[in-house]
Each structure stands twice: as structure tokens, then as C-alpha cells.
Amino acid sequence: MANATSATGVPSPLVGEGQGGGDGRTLPVGIPPTPNPSPQGGGEPPGVAVGDLAIARAHRIAAAVVDPEIPVLTLEDLGVLRGVERRRQSIIVKLTPTYTGCPATQAIRLAVEAALAEAGMANARVETVLSPPWSTDEITETGRRKLQEYGIAPPARGARARSLFADETVACPKCGSTATAKISEFGSTACKALWRCQACAEPFDYFKCL
Ligand SMILES: [Zn+2]
């Protein structure tokens, strides 16, 4: 076992082949030919193709996942589900983050992946979509009502046109009074501000506009 055989000097059998034009610049440039995406009901083998029913099912599952921070809100209520599409044999669930750097974003992604896996949809995965950015205007009417019932003042409308630092009129989610004042820019989470109602003296969270 002590035989130290040196491999130096053994010529590689590959040396000497393909010497003409090996500068790597001869690759064809341009758009690779895209095969015609198989038409509905085309030649895809059954059992492999992702059907419309599977797409709809993945959409339903993802839409029903709740926000870990505000468990009364589903992703559909929040408006972060940007669509579900088929890509070859996979189902892509497209989500957009709410606030950049919001810790809930990662939790939401994991929750969706878990829900899809639990439903046996092994071919579904989550993709993050950054553009166009999410705005609180995308919270649905149902979502706004749920927020209010949960004790969080829903964000004012027209958020995109509004500055975070502009004076805002926020109605108390408990009594509806607009005699309210901001106590702190940060409430229970970074995306909420802490307000207090002067009519009923209750503090409450206000979902900040974005
Ligand atoms: Zn009040």
C-alpha cells in the first residue's frame, strides 16, 4: 500500500481535441427557440400536466392562509396573493410582500408552503413578486371590515397619494369617534401605529398606510 504512483506526465486523453475555435465565442446568440407552449388538452401525458382544477385548488388554499400577525385576515383579504400559474409541471403561487422587511413576509411564505404540502400539492411552490409593490389600498373591503372588528383601524384610502407623516383622521375602531390622537409611530408591530381615542379613552392600533 506504500506504492506512491505519480500521475504526473500522463497526458489527458482530451488534450488535442477540438482545437479549432475553442475560445468560447462561437455560441449562438439570440433568443432560444421557444417551443409552442402546449395548447390546452395538448400532448402532455396525463398525470403530469397541471390541470385547471389543480391551479384553482392551489389558489383556494393559498388565499385562505391567514396573516400570522393579524390572524383574522387571509392572504386574499390582505391582497398579497398575486396569482397562481402553471409552469411546466409546477404550480407557482405568486405572493408579494407587504412592508419591506416585515418579519411576517417570511412567515406567510412558509405558511403557504406548508398549506400546499399538507394538501398533497408537492408540485406547488411560492414565488415572491416585488413589482408592482403592495399598497394598503389592496386590502379588500372584507379585510377592512375584519380589521375594524379585530380592533385595528383600517388604513385610510388613497394610501399611495398620502404621506406617512401627513395629518390623518383615524376613526376609533371601537366607538367610531374621530377624536383620536397618535401616541406612538409604532404599535404592536412596526406596520402599525399606536393611537388613542379621546371619546372612549381606548388605545388602538392603526394599520399604517403604504
Ligand atoms: Zn373610541
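Please treat every number below as a calculation from the coordinates, not as lab data. Values in this document were obtained by computation on a predicted structure and should not be read as measured data. Methodologically, a virtual Cβ is constructed for each residue, glycine included, from the backbone with ideal geometry; neighbour enumeration extends over all protein chains shown.
Some observations on this one:
- If you take all other residues with their beta carbon under 13 Å from the beta carbon of Leu81, and give Lys and Arg +1 and Asp and Glu -1, the sum is -2.
- Residues Glu202 and Arg88, FRET efficiency given R0 of 30 Å [Cβ-Cβ distance, rounded to 0.05]: 0.05
- Fewest-first ranking of Glu127, Glu138, using other Cβ atoms within 10 Å as the exposure measure: Glu127, Glu138
- Two numbers describe the Cα atoms of the stretch 139-207: Rg and Dmax, which are 11.2, 30 Å.
- Prolate/oblate/rounded call for the stretch 52-128, Cα gyration tensor, a/c under 1.5 rounded: prolate
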